[in-house]
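What follows is a set of notes on a single structure, which appears directly below.
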Amino acid sequence: MVQQRVLRVVGGVLFALGIMLGVLFWGSAVWADIEAFLFDSSLSADASLPSLRCPVLVTTAEGSEIKATFTNPLDRAIRPKYTFHVTDGFVSLMREDAAFLQLDPGVHKQLSWQVTAEDAAWEYFILARVYLQRAYPLPSRTSSCGIVVLNVPSMNGNQLAVVVILVTVLLTGLGFYLWYAACRPLEGRRMQEARGRMALMILAGLGIVFGTLGFWLPGLICLIVLVLLIVVMLARAAMETA
């Protein structure tokens, strides 16, 4: 009985730590992308530019690249102007790269821009926007992205993201296993709690995927639903122990 209680407590703590770490990771990524969505919003366009690619994390030990691919699907050459803006240490200061882009028929051309931790606004978010001028009949396009900057000089952003995701999976998986082993057989309230924990793991997994891919709106929805689910679970537990 004492052993089961210890396993249940340890499993619950590990599970909670895993969920918290996942929320911090994808919540930061979503927050950065929301700030980027609002960044330099005067560059409005008729359509999005889905080819914009940014890393999720960078650290103070590295520089990184923002990339965008431009395509000409027409049967004639076009020469639209592109504009790239990125924060320059402050959200109110920007570095700009702008030029006319020669695109022959059927050509795909990729551009890249170097960014470092020194570009971050508020020391934590690099915000960038790319705008492509209209070239009839193609609409003008724009897209934005945010990059989280962390002061971890011993690792690069990709390594840190992998470590965070692996630790999140390990903590939540091990925590759920220990809790499940201590609570078997699952009946009544325990079964409901198990379903709630599985729902939290699914939401955390989806949130990490959305945050990594830069889909801030579904990531934000997952975050809101997860918080609401935690509140419901805690309220139900408090009512049952009262």
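Tabulated data
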| item | result |
| --- | --- |
| Any hit, the stretch 171-183, residues being surrounded by 15 or more Cβ atoms within 10 Å (Cβ to Cβ), of a type in the set (A, V, I, L, M, F, W, C), within 19 Å of the chain's Cα centre (by Cα) and modelled with pLDDT of 95 or more | no |
| Flag if Val152 is touching a strand residue (DSSP E or B) at 6+ places or on another chain (Cβ under 6 Å) and part of a loop (DSSP other than H, G, I, E, B) | yes |
| Out of Glu65, Glu96, Glu35, sole residue that is assigned to a helix (DSSP H, G or I), out of contact with any helix residue (DSSP H, G or I) (no Cβ under 8 Å at 6 or more places or on another chain) and either not assigned by TED's automatic domain parsing to the domain that holds Pro218 or not hydrophobic (A, V, I, L, M, F, W, C) (or both) | Glu35 |
| Hits in the stretch 63-79 (condition: surrounded by 15 or more Cβ atoms within 10 Å (Cβ to Cβ) and out of contact with any Ser or Thr (no Cβ under 8 Å at 6 or more places or on another chain)) | Asn72, Leu74, Ile78 |
| From the options Leu166, Leu132, residue that is closer than 24 Å to Phe215 by Cα and surrounded by fewer than 12 Cβ atoms within 10 Å (Cβ to Cβ) | Leu166 |
| Filtered residue count, the stretch 1-23, keeping only those that are in a helix (DSSP H, G or I) and more than 19 Å from Met198 (Cα to Cα) | 5 |
| Filtered residues of the stretch 121-136 (kept if touching a residue at least 24 places away in the same chain (Cβ under 8 Å), part of a loop (DSSP other than H, G, I, E, B) and more than 30 Å from Val164 (Cβ to Cβ)) | Gln133, Arg134 |
| Subset of the stretch 61-83 [out of contact with any Cys (no Cβ under 9 Å at 6 or more places or on another chain), of a type in the set (A, V, I, L, M, F, W, C) and within 22 Å of Ala121 (Cα to Cα)] | Ala61, Ala68 |
| Boolean, Val167 is in contact with a Leu (Cβ under 8 Å, 6 or more places away or on another chain) and under 12 Å from Thr60 (Cα atoms) | no |
| The listed residue being at pLDDT 95 or above and either out of contact with any Cys (no Cβ under 8 Å at 6 or more places or on another chain) or outside any helix (DSSP H, G or I) (or both), out of Val86, Val58, Val91 | Val86 |
| Per-region count, the stretch 90-106, residues surrounded by 14 or more Cβ atoms within 10 Å (Cβ to Cβ) and either in contact (Cβ under 8 Å) with a residue 40 or more places away in the chain or of a type outside the set (D, E, K, R) (or both) | 4 |
| Failed item, numbered, when Ser51 is tested on (1) touching a strand residue (DSSP E or B) at 6+ places or on another chain (Cβ under 6 Å); (2) not in a loop (DSSP other than H, G, I, E, B) | (2) |
| Qualifying positions in the stretch 68-83 - part of a strand (DSSP E or B) and over 18 Å from Ala47 (Cα atoms) | none |
| Scan of the stretch 31-54 for residues that are surrounded by fewer than 16 Cβ atoms within 10 Å (Cβ to Cβ), closer than 17 Å to Asn72 by Cα and not small (Gly, Ala, Ser), ordered by number | Asp46, Pro50 |
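The values are calculated or read from the model by the stated rules, or taken from the named source; none is laboratory data. Just so you know, these numbers come straight off a predicted model, no measurement behind them. Glycine gets a Cβ as well: all are built from the backbone with ideal geometry, and neighbour counts include every protein chain shown.
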